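Chemist: Quick one: structure below, then a few questions.
The values are calculated or read from the model by the stated rules, or taken from the named source; none is laboratory data. All figures in this text were calculated on a predicted structure; none of them were measured in a lab. Note: ideal-geometry Cβ built from the backbone for every residue, glycine included; neighbour counts use all protein chains shown.
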Amino acid sequence: MSTSERTPLNPEVPVPQDSWRPKRIVAFGAALVVAITVFFVASTFPSAEVIKNESVQQPTRRSIFDCDSVQQESGYIKLANRVDDHYFYWYFESRDEPANDPLVVWLSGGAGCSSIMALFVENGPCHIKDDITPEYNPHSWNTRANVIWLDQPSNTGFSYAASEDVDHDAEDVGANFYAFLQGFLDKHPELHGRPLFVTGESYAGHYIPNIANRIMQQKTNDERINLKGIAIGNGLMNPILQLEHTLDMVDNQYNVTLLTDKEYEQALAAQTKYASIGNEYLATGKQEYFAALVEGWQRIMTPFSTSRRNPYDIREPCYEAYLVDCYDVSTTKIFLNLENVKAELNALPTKHWLECNASISAPFFGGDAVQNHATLIADLLNTTDLRVLLYVGDADTICNWHGVKAVATGLEWKHQDEFNAAEECLYFTSNYSVTAGSIKSYKDQLTLLRLFNAGHMVPHDQPAVALEMINTFIHGDAFAT
């Protein structure tokens, strides 16, 4: 069935009764609105301390607090390419066929937001109840995959590093991820050559193209790594191009009023002006253009706050002055900072866990945040056989579906014309019980998936749909249309 950009939603799309939906969560991976508004992030999140020269327990396999019955492991990998940089990870084997299922890595955005938060509030084996105990999640992404939730860049979440190891851009992240993966595979020979998929959301749209590029450049040096594809959700990939589509969400399929006519006219003038300034910054690197871009983004986005809607999910109200205050993450934060929990996880006892950390974000927001990393996706499509999935919840204004579609159709690769000419069809769950979104694809090499009734964090808003989506992608099955 074909569809157009104005295809109406089915507002009654059901969420299964056993779906895992915590009440409210942090919108981590805060994309450009947070990325270039450094003062906002700095005032919202306290800085986490950096711990050095502490003894670290070796990871062990066991069931941790009954989060899942599968084999699992948590701890640190010391990065061989750095002075004293330790990435924290939590690994769960597949609930299905761990000896055969692919390896998936999940990365949250920010920059500087913990993937362990996603484990508990999006796509992990359990979430934290109000009584600060874990509860099983039937829609965890390890249902048919072996999954790593990785705290990165350096110092994110439970990870820690020396001051000289601080990451400054997505290229640093690519090098560090590669070093982590080598260290992890040293510990897990059973995963050598296993199909690998790197996934994530929001600012991971910067990380993942660089990670994939690094892996493919080093492919002949480490045959243990068998990267097959990447999946980016509501990704920040080409910020200036995506900026040009910010106001497309004013006319939205949820019939939510975001701006008055006057506010829209003023914001549209600012969007046109400052998108041009953004391109000047990319061409010249002059800091005066960057400063103007920050001011411009504020001019565009400030009127949205008057709508009292959550910018990460316009279906939901938000009456708070700071975006992060729209979400309650207290139970997860309490749980992860309990002494016995940190001991069980082999986390440094003196490291205070934060969902997001402004001190990590700051170096990235000095310039990396506005760089176009979509060119690396095009390079990968041109030079490798990697499969690329760009999925996007269409109730998000921060990395909205119009901008992600513009990125996908604007990729300059050998089959750009064929992809752009491909029919956009409705996407259904496998039993055709739910109209889940719309899909555009060329021979499964590049797939654009718009998902209905979901915001910035698709696995949270539509857990059953998100699980089917990722399983279809990593196992090479056909999306139902």
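Chemist: So in segment 353-387, with the set limited to residues that are in contact with an Asp or Glu (Cβ under 8 Å, 6 or more places away or on another chain) and surrounded by 23 or more Cβ atoms within 10 Å (Cβ to Cβ), which one is modelled with the lowest pLDDT?
Modeler: Among residues in segment 353-387 that are in contact with an Asp or Glu (Cβ under 8 Å, 6 or more places away or on another chain) and surrounded by 23 or more Cβ atoms within 10 Å (Cβ to Cβ), the one modelled with the lowest pLDDT is F364.
Chemist: Tell me which helices (runs of 4 or more DSSP H) are completely within segment 315-433 and hold 2 or more residues being over 21 Å from I470 (Cβ atoms) and β-branched (V, I, T), or say none if there are none.
Modeler: Values: elements: 330-336, 339-344, 358-364, 374-383, 401-410, 416-421.
In segment 315-433, 330-336, 374-383 are the helices (runs of 4 or more DSSP H) which contain 2 or more residues that are over 21 Å from I470 (Cβ atoms) and β-branched (V, I, T).
Chemist: Still on this model: Which of the residues spanning segment 339-352 are of a type in the set (A, V, I, L, M, F, W, C) and surrounded by 13 or more Cβ atoms within 10 Å (Cβ to Cβ)?
Modeler: V341, L345, A347, L348
Chemist: Here's a check for you: in segment 432-471, which residue that is of a type in the set (V, I, T) and buried (at least 20 other Cβ atoms within 10 Å of the Cβ) is farthest from L411 (Cα to Cα)?
Modeler: Looking at the filtered set, the residue picked out is V434.
Chemist: Go through the residues of segment 455-476 one by one and say whether even a single one is among the hydroxyl-bearing types (S, T, Y), in contact with a helix residue (DSSP H, G or I) (Cβ under 6 Å, 6 or more places away or on another chain) and not in a loop (DSSP other than H, G, I, E, B).
Modeler: No, because not a single residue in segment 455-476 is among the hydroxyl-bearing types (S, T, Y), in contact with a helix residue (DSSP H, G or I) (Cβ under 6 Å, 6 or more places away or on another chain) and not in a loop (DSSP other than H, G, I, E, B).
Chemist: Please give the number of the condition S115 fails out of (1) farther than 16 Å from E93 by Cβ; (2) in contact with a Pro (Cβ under 7 Å, 6 or more places away or on another chain).
Modeler: (2)
Chemist: Filter segment 174-205 for residues that are within 25 Å of G403 (Cβ to Cβ), in contact with a His (Cβ under 8 Å, 6 or more places away or on another chain) and not in a loop (DSSP other than H, G, I, E, B) and give the result.
Modeler: Scanning segment 174-205 gives E201, G205.
Chemist: Quick check on segment 186-201. Is at least one of its residues surrounded by 23 or more Cβ atoms within 10 Å (Cβ to Cβ), on the phi < 0 side of the Ramachandran plot and of a type in the set (D, E, K, R)?
Modeler: Checked against the condition, which is being surrounded by 23 or more Cβ atoms within 10 Å (Cβ to Cβ), on the phi < 0 side of the Ramachandran plot and of a type in the set (D, E, K, R), segment 186-201 yields at least one hit.
Chemist: Oh, and also: Can you tell me which of F473, F419 is in contact with a Gly (Cβ under 9 Å, 6 or more places away or on another chain) and more than 30 Å from N255 (Cβ to Cβ)?
Modeler: F473
Chemist: Further, regarding this structure: Have a look at L119, L150 and point out the one that is outside any loop (DSSP other than H, G, I, E, B), free of Cβ contacts under 8 Å to residues at least 60 places away in the same chain, touching a strand residue (DSSP E or B) at 6+ places or on another chain (Cβ under 6 Å) and of a type in the set (A, V, I, L, M, F, W, C).
Modeler: One residue alone meets the criteria, L119.
Chemist: Can you say whether E223 is more than 22 Å from E122 (Cβ to Cβ) and in a helix (DSSP H, G or I), as far as the supplied structure shows? Before the answer, list the steps.
Modeler: Details: more than 22 Å from E122 (Cβ to Cβ): yes; in a helix (DSSP H, G or I): no.
For E223, the condition - more than 22 Å from E122 (Cβ to Cβ) and in a helix (DSSP H, G or I) - is not met.
Chemist: Could you check E263 against (1) touching a residue at least 24 places away in the same chain (Cβ under 8 Å); (2) buried (at least 19 other Cβ atoms within 10 Å of the Cβ) and say which number it fails?
Modeler: Status for E263: all satisfied but (2).
Chemist: Let me ask something else. Residue check, T220 against (1) surrounded by fewer than 23 Cβ atoms within 10 Å (Cβ to Cβ); (2) within 18 Å of the chain's Cα centre (by Cα); (3) free of Cβ contacts under 8 Å to residues at least 40 places away in the same chain, all met but one. Which one?
Modeler: (2)
Chemist: Here's a follow-up. Could you please let me know if D417 is free of Cβ contacts under 8 Å to residues at least 12 places away in the same chain and either in contact with a strand residue (DSSP E or B) (Cβ under 7 Å, 6 or more places away or on another chain) or surrounded by fewer than 24 Cβ atoms within 10 Å (Cβ to Cβ) (or both)?
Modeler: On the way: free of Cβ contacts under 8 Å to residues at least 12 places away in the same chain: yes; either in contact with a strand residue (DSSP E or B) (Cβ under 7 Å, 6 or more places away or on another chain) or surrounded by fewer than 24 Cβ atoms within 10 Å (Cβ to Cβ) (or both): yes.
Against the criterion (free of Cβ contacts under 8 Å to residues at least 12 places away in the same chain and either in contact with a strand residue (DSSP E or B) (Cβ under 7 Å, 6 or more places away or on another chain) or surrounded by fewer than 24 Cβ atoms within 10 Å (Cβ to Cβ) (or both)), D417 qualifies.
Chemist: On the basis of being at pLDDT below 95, among the aromatic types (F, W, Y), out of contact with any Cys (no Cβ under 7 Å at 6 or more places or on another chain) and over 21 Å from L241 (Cα atoms), does Y442 make the cut?
Modeler: no
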